[in-house]
Amino acid sequence: MKITLLGTGTSQGIPVPMCACRVCSSTDPRDKRLRCSALVETNGLSILIDTSIDFRQQMLRANVRRIDAVLLTHHHFDHLFGLDDIRAYSSAQGELIDLYVCPESEQEVLARFGYAFNRPENIRWGLPALKMNVVREPFSLRNGVEVTPIKVGHGRINIYGWRIGNFAYLTDCKTIPEESYKKLKRLDALVIDCLRYDEHPTHACLRETLSYIERIQPKRAYLIHMSHDILHAELESTLPDHIRVGYDMMEIVVD
Ligand SMILES: [Zn+2]
Ligand SMILES: [Zn+2]
Ligand SMILES: [Zn+2]
């Protein structure tokens, strides 16, 4: 299984327009962050986590040739609003593309993109063509790929992280409920929210992120959703070897 981090930045992206801070003006390419999204390639499937607002640019940059399914973590604009551009894939593939969401996001997604769902004629009209799947339990995609939703707390709402095999992706998580830890055992790789150094009401800060990694005990962990508080090289130099600061187009291979 190969995971490509298509974007690793917070909702504004880095650099932030009009900001002259040391991270926004850094020349290190690892400090240039599009909005969070990841591509998981496994068992012949190409699975997209979130359709970020930078979706089009990310698909072109990573040369993504197919999307078999979209796993949406939640409906916030940075994770969802690139959805319309999936029309290129539903048209080329000639089929509805399955989108999987948590119950709390279903109506929010339909309010913005209702025209894109459950209408086979959209394929012919060149509109985005998707099938809505609200999931509460683990489910299987084609080729025997098992996907487990992992509930996490994101301020006032509960959203999903996703587990596929021994890989898990937890973005925008302030808290992890007790029941979710049971689903995060024996991970080879964990990708997890780390917004900044100081606490935040809806995202994990560095101290919280490290405490979650300590409890989950994955073999390797990668931090994402970073703000312009975090200079890649500076934070990475303080972390143990098994915890890395994610960057755009980073590839993670899991057996
Ligand atoms: Zn976000
Ligand atoms: Zn800045
Ligand atoms: Zn969010």
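The values are calculated or read from the model by the stated rules, or taken from the named source; none is laboratory data. Since we're looking at a predicted model, the values are computed, not measured. Methodologically, a virtual Cβ is constructed for each residue, glycine included, from the backbone with ideal geometry; neighbour enumeration extends over all protein chains shown. Note: accessible area is taken over every heavy atom of the protein model, side chains too, but ligands, DNA and RNA are not part of it. Shrake-Rupley method; radii C 1.70, N 1.55, O 1.52, S 1.80 Å.
Miscellaneous remarks
Results for (1) open to solvent by less than 50 Å² (accessible area, probe 1.4 Å); (2) within 16 Å of ligand 2 (Cβ to nearest atom); (3) without any contact (Cβ under 8 Å) to a residue 24 or more places away in the chain; (4) under 22 Å from Leu99 (Cβ atoms), shown as yes or no for each residue.
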site: Pro120; (1), (2), (3), (4): no, no, no, yes
site: Ala129; (1), (2), (3), (4): yes, no, no, yes
site: Met132; (1), (2), (3), (4): yes, no, no, yes
site: Ser140; (1), (2), (3), (4): no, no, yes, yes
site: Gly161; (1), (2), (3), (4): yes, no, no, yes
site: Ala168; (1), (2), (3), (4): yes, no, no, yes
site: Glu179; (1), (2), (3), (4): no, no, no, no
site: Ile192; (1), (2), (3), (4): yes, no, no, no
site: Glu208; (1), (2), (3), (4): yes, no, no, no
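- When each of Asp98, Asp28, Asp78, Asp68 is tested for being under 28 Å from His200 (Cα atoms) and away from ligand 3 (no atom under 15 Å from the Cβ), the lone residue that passes is Asp28.
- Any hit, the stretch 222-233, residues being among the charged types (D, E, K, R), closer than 29 Å to Pro15 by Cβ, within 16 Å of ligand 3 (Cβ to nearest atom) and in a loop (DSSP other than H, G, I, E, B): no
- Candidates Ser26, Ser90, Ser46, Ser52, filtered to the one that is hydroxyl-bearing (Ser, Thr, Tyr), within 15 Å of ligand 1 (Cβ to nearest atom) and either modelled with pLDDT of 95 or more or part of a strand (DSSP E or B) (or both): Ser52
- The single residue among Arg35, Arg56, Arg65, Arg61 that is open to solvent by 10 Å² or more (accessible area, probe 1.4 Å) and within 16 Å of ligand 2 (Cβ to nearest atom) turns out to be Arg35.
- Any chance Ala116 is open to solvent by less than 10 Å² (accessible area, probe 1.4 Å), away from ligand 2 (no atom under 16 Å from the Cβ) and within 17 Å of the chain's Cα centre (by Cα): no
- Checked against (1) of a type outside the set (A, V, I, L, M, F, W, C); (2) buried (at least 22 other Cβ atoms within 10 Å of the Cβ); (3) assigned to a helix (DSSP H, G or I), Arg124 passes all but a single condition, namely (2).
- In summary, Pro218 fulfils each of the numbered conditions (1) farther than 21 Å from Ile67 by Cα; (2) touching a helix residue (DSSP H, G or I) at 6+ places or on another chain (Cβ under 9 Å); (3) open to solvent by 50 Å² or more (accessible area, probe 1.4 Å); (4) not hydrophobic (A, V, I, L, M, F, W, C) with the single exception of condition (3).
- Which listed residue, of Lys174, Lys183, is basic (Lys, Arg) and more than 14 Å from ligand 3 (Cβ to nearest atom): Lys183
- Single unsatisfied condition, Tyr212 versus (1) closer than 18 Å to Asp31 by Cα; (2) among the hydroxyl-bearing types (Ser, Thr, Tyr); (3) open to solvent by 20 Å² or more (accessible area, probe 1.4 Å): (1)
- Test: residue in the stretch 206-215 that is on the phi < 0 side of the Ramachandran plot and either modelled with pLDDT under 95 or assigned to a loop (DSSP other than H, G, I, E, B) (or both): no
- For first residues located in the stretch 27-45 and more than 17 Å from Gly9 (Cβ to Cβ) and among the aliphatic types (A, V, I, L, M), partners that are away from ligand 1 (no atom under 16 Å from the Cβ) and part of a strand (DSSP E or B) and lie 6+ apart or on another chain with Cβ distances below 9 Å form the pairs Val40/Lys2; Val40/Ile3; Val40/Thr4; Val40/Ser46; Val40/Ile47; Val40/Ile164; Val40/Phe167; Leu45/Ala69.
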